Amino acid sequence: MGSEMNSRFDFKTLEPKIYEKWEKSGFFNPDNLVKKGIIKKDAKPFSIMLPPPNVTGILHMGSALMLVIEDIMIRFQRMRGRKTLWLPGTDHAAIATEAKVAKHLWDKEHKSKHDLDRESFLKRIDQFVEENRNTMLVQMRAIGASLDWSRLAFTLDEARNLAVRTAFKRMYDDGLIYRGTRVVNWDPRGHTTVSDDEVEHEEREAILYTFRYSKDFPISIATTRPETKLGDTAVAVHPDDTRYKKYVGRTYEISFAGEPLTIKVVSDRKIDPKFGTGALGVTPAHSMIDAEIAEKNNIPIKQVIDEQARMLVGGDGIKGEKVAVAREAVLGWIRKDNLLEKEEKISQNISVSQRTGAVIEPLPKLQWFIDVNKNFNVEHSTLKGIRANQKTTLKKIMQTAVRSKDIEILPHRFNKIYFHWIDNLRDWCISRQLWYGHQIPVWYRGDDVYCGVTPPKGPGWKQDPDVLDTWFSAALWTFSTLGWPKKTKDLETFHPTDVLETGYDIIFFWVARMILMSGYLLGEVPFRTVYLHGIVRDEQRRKISKSLGNNIDPLDMIELYGTDAVRMSLIAGTMPGGDSKISEDKIRGYRNFTTKIWNASRFVLMNYDEELKAKPSYTKSDKAHLAQLERLKKKITADLEDFKFHQAGETLYHYFWHTFADKIIEDSKKRLYGDNPAEKRAAQETLMTILKECLKMLHPFTPFVTEEVWQMVPKSKSEQRMIMVEKW
RNA sequence: GGGCGAUUAGCUCAGUGGUAGAGCGCUUCGUUGACAUCGAAGAGGUCAGAAGUUCGAUACUUCUAUCGCCCACCA
């Protein structure tokens, strides 16, 4: 049989065939494992929900790493006899997808989405998504991911939409979702609100201007945005600041840049007396902290900037102008009236929309929010530290689940980051002024408001035009994929899931919100362990990005070196939460390893003589090798259970190459080529035993080459014909 | 401003309270029979710096330096 083996593993033709064979076997689906008697009916479940990649994207090294780590866990647990489910899906990524299609529409037809009606625009998106989704699914298969395709889900399909409407309705009825006017992050380019987490900070140089509103006003203030001062309704000072104490409580009527202002002087502990003049001009409509100060001191909100970032008030050259133009006009006015006292360059962090790069304009707007601090009654709870019928808050659920060790976050240092985020968490703005996404299940008719899973009966009702933040549906992912709100067998069997494996960059967006939703809706955690991987970087430690042109396409690498090689090189040097590096050299190195597996196997097979019936006479060193193998098995098993994938991978690499191939095989040649049948037999059996065990342990890492070799290896009746389901 | 991480061979990184490790690269040699996508041997390190704990510290503690990351609207 060995003579049929080429000296190289022909991954290009074999890998797709092997994947097809796996898929056809149906063993990716846990139900079939039971049906075909591979595992017991009451086998312990093991489940992972694939973090759904954006439908717009193509597979990059980061998603490849995610798929590989999860596939290693899944294959390992499947071989250990667990009822193993790995459920695939894709994310509709509301804002990202809509922006992409809108750009195509503009580039190709020079039309905006408003030139189409809502329905036609959504049709375009659906088309685009459908095409993209399929290439994405092909790519996931190329990585060798043993996903249960029969359960494929999409965050915007009908089943998930029902889950979203149901969740929304329940939260609405509990008063956890409310509609209100608050200062929110407005993205003037995307023309939508974004949540606090979708805002990034960029350091930029700015000019800090110190001036007075008018000659009659006693206090100087400092600002980098003079045009917003038309919206000032107060000046805040520190209560202990002796310079200003005498003014606190007084109100001034003044005219500033052609705009009448009513300014009240208030005191607030948030003010730093040492910064600027120690006095803050409070602009409640266009600054988050100013809005807080205003609310506390009962100061009116005055909006002076609109959704297009244009001025709503002011004299000539100000009203109707863009903020940048208005700023110069206001400054001109200040200079002319000789009110400017100081101008200095400072470096300042400005808020930028993560998605569009536009400078965020805080605006007061009527939006939907999730209240994270409101008390409610939990109906059912298996969470440690929260009993059924106990009053709690969403924030407390998120905190308790991790603090009580119901959920373990790996590596542990992310615990601190997680808690810090929750401590500072404000209400989550969930409405988006987009067309693509889950439309908010609320209808209006005059002053009537109706929230329901299905539309209200009767004429004249109009649904809220906004859609939900894409993370709202993503937050339901661990159970919406299993059929919730229906009480399904899957939900009962596979929830809570065992592991959530994802990148550390979405711990807030996603991990925390899943804990919130699962805790609230099911009274249980969404997963037991969170394993966070890092960012894949290039040789120079740079992030891989299109603009840098340093993108190494995983599919190109698979084409050149095979999937097994790409998988190994992604795993090597991957600590939990640590960034890893990838380079073509590294992949080439691991391609050599797959060749090594192939050739060592070829040697063992070529020298294994099934006709030789001699009773083997094992030597001391045979026994030592087998004992060493047992120790190795224990170590690899422990490492994999312990999420030390790189450790296990490297240990196997080293053992297989430098112990098994270089030493054990080399030392056995004398006996293999000699003419003592008992010795020959012992050598053959020893090598075969070690080979088979190595194939099994290597299978989660390099599934293709090990599966191909397994097909050729002599197997006993109790052994599976496919290594994928062979006992660990 | 607050928090976190990193610093070990030329490069990329493991690791441990007791003689410093791997891969790649480099040098020399070998190999026509599993594999040149190979094998053997070798050069190469004050384990960032300082102090402390210890019989002993690369590892534990503290401080310092440099780099990186996250959080935060000093207006």
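The values are calculated or read from the model by the stated rules, or taken from the named source; none is laboratory data. Model, not experiment: these values are computed from the prediction. Positions of Cβ are generated from backbone atoms using ideal geometry, with glycine treated the same way; all protein chains shown enter the neighbour counts.
Structure values in brief
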{"quantity": "Hits in the range A:306-318 - residues which are surrounded by 17 or more Cβ atoms within 10 Å (Cβ to Cβ) and closer than 21 Å to residue A:212 by Cα", "calculated": "A:311, A:313, A:314, A:317, A:318"}
{"quantity": "Condition check for residue A:157: more than 30 Å from residue A:643 (Cβ to Cβ) and loosely packed, with under 13 Cβ neighbours inside 10 Å", "calculated": "no"}
{"quantity": "Residue that is farthest from the chain's Cα centre (by Cα), among those in the range A:560-592 that are of a type in the set (A, V, I, L, M, F, W, C) and more than 8 Å from RNA strand B (Cβ to nearest atom)", "calculated": "A:560"}
{"quantity": "Only one of A:582, A:587, A:571 that is out of contact with any Ser or Thr (no Cβ under 7 Å at 6 or more places or on another chain) and among the β-branched types (Val, Ile, Thr)", "calculated": "A:571"}
{"quantity": "Count of residues meeting criterion [under 24 Å from residue A:489 (Cα atoms) and in contact with a Leu (Cβ under 8 Å, 6 or more places away or on another chain)] in the range A:1-28", "calculated": "2"}
{"quantity": "Which listed residue, of A:443, A:435, is away from RNA strand B (no atom under 16 Å from the Cβ), of a type in the set (Phe, Trp, Tyr) and not in a loop (DSSP other than H, G, I, E, B)", "calculated": "A:443"}
{"quantity": "Cβ-Cβ under 9 Å pairs, at least 6 apart or on other chains, the range A:443-462 side free of Cβ contacts under 8 Å to residues at least 60 places away in the same chain and charged (D, E, K, R), far side exposed (fewer than 11 other Cβ atoms within 10 Å of the Cβ) and assigned to a strand (DSSP E or B)", "calculated": "A:445/A:462"}
{"quantity": "Residue within the range A:280-292 that is more than 30 Å from residue A:189 (Cα to Cα) and at pLDDT below 95 present", "calculated": "no"}
{"quantity": "Scope the range A:191-208; condition more than 9 Å from RNA strand B (Cβ to nearest atom) and either β-branched (Val, Ile, Thr) or touching a helix residue (DSSP H, G or I) at 6+ places or on another chain (Cβ under 6 Å) (or both); matching residues", "calculated": "A:192, A:193, A:194, A:207"}
{"quantity": "Some residue of the range A:345-363 being more than 12 Å from RNA strand B (Cβ to nearest atom), part of a loop (DSSP other than H, G, I, E, B) and either closer than 23 Å to residue A:178 by Cβ or of a type in the set (Lys, Arg) (or both)", "calculated": "yes"}
{"quantity": "Verdict on residue A:582 being closer than 25 Å to residue A:559 by Cβ, surrounded by 21 or more Cβ atoms within 10 Å (Cβ to Cβ), in contact (Cβ under 8 Å) with a residue 24 or more places away in the chain and touching a Phe, Trp or Tyr at 6+ places or on another chain (Cβ under 6 Å)", "calculated": "no"}
{"quantity": "Only one of A:348, A:367, A:303 that is under 26 Å from residue A:220 (Cβ atoms), out of contact with any helix residue (DSSP H, G or I) (no Cβ under 9 Å at 6 or more places or on another chain) and in contact (Cβ under 8 Å) with a residue 12 or more places away in the chain", "calculated": "A:348"}
{"quantity": "Of all residues in the range A:333-344 being surrounded by 11 or more Cβ atoms within 10 Å (Cβ to Cβ) and of a type outside the set (Lys, Arg), the one that is nearest to RNA strand B (Cβ to nearest atom)", "calculated": "A:344"}
{"quantity": "Residue A:244, sole failed condition from (1) over 30 Å from residue A:94 (Cβ atoms); (2) away from RNA strand B (no atom under 14 Å from the Cβ); (3) surrounded by 14 or more Cβ atoms within 10 Å (Cβ to Cβ)", "calculated": "(2)"}
{"quantity": "Any hit, the range A:619-638, residues being away from RNA strand B (no atom under 14 Å from the Cβ), under 24 Å from residue A:73 (Cα atoms), hydroxyl-bearing (Ser, Thr, Tyr) and surrounded by 15 or more Cβ atoms within 10 Å (Cβ to Cβ)", "calculated": "yes"}
{"quantity": "Odd one out for residue A:492 among (1) within 24 Å of residue A:85 (Cβ to Cβ); (2) of a type outside the set (Phe, Trp, Tyr); (3) surrounded by 16 or more Cβ atoms within 10 Å (Cβ to Cβ)", "calculated": "(3)"}
{"quantity": "Any hit, the range A:422-442, residues being free of Cβ contacts under 8 Å to residues at least 24 places away in the same chain and surrounded by fewer than 19 Cβ atoms within 10 Å (Cβ to Cβ)", "calculated": "yes"}
{"quantity": "Leading residue by the ranking (farthest from residue A:362 (Cα to Cα)) among those in the range A:277-294 that are of a type in the set (A, V, I, L, M) and either near RNA strand B (Cβ under 8 Å from one of its atoms) or without any contact (Cβ under 8 Å) to a residue 60 or more places away in the chain (or both)", "calculated": "A:279"}
{"quantity": "Unmet requirement for residue A:18, which otherwise passes all of (1) in contact with a strand residue (DSSP E or B) (Cβ under 6 Å, 6 or more places away or on another chain); (2) at pLDDT 95 or above", "calculated": "(1)"}
{"quantity": "Complete set of residues in the range A:443-480 that are of a type in the set (Val, Ile, Thr) and crowded, with 24+ Cβ neighbours inside 10 Å", "calculated": "A:467, A:470, A:478"}
{"quantity": "Sole residue being under 25 Å from residue A:199 (Cα atoms) and under 17 Å from the mean Cα position of the chain (by Cα), chosen from A:471, A:435", "calculated": "A:471"}
{"quantity": "Residue A:84 vs. criteria outside any helix (DSSP H, G or I) and surrounded by 22 or more Cβ atoms within 10 Å (Cβ to Cβ)", "calculated": "yes"}
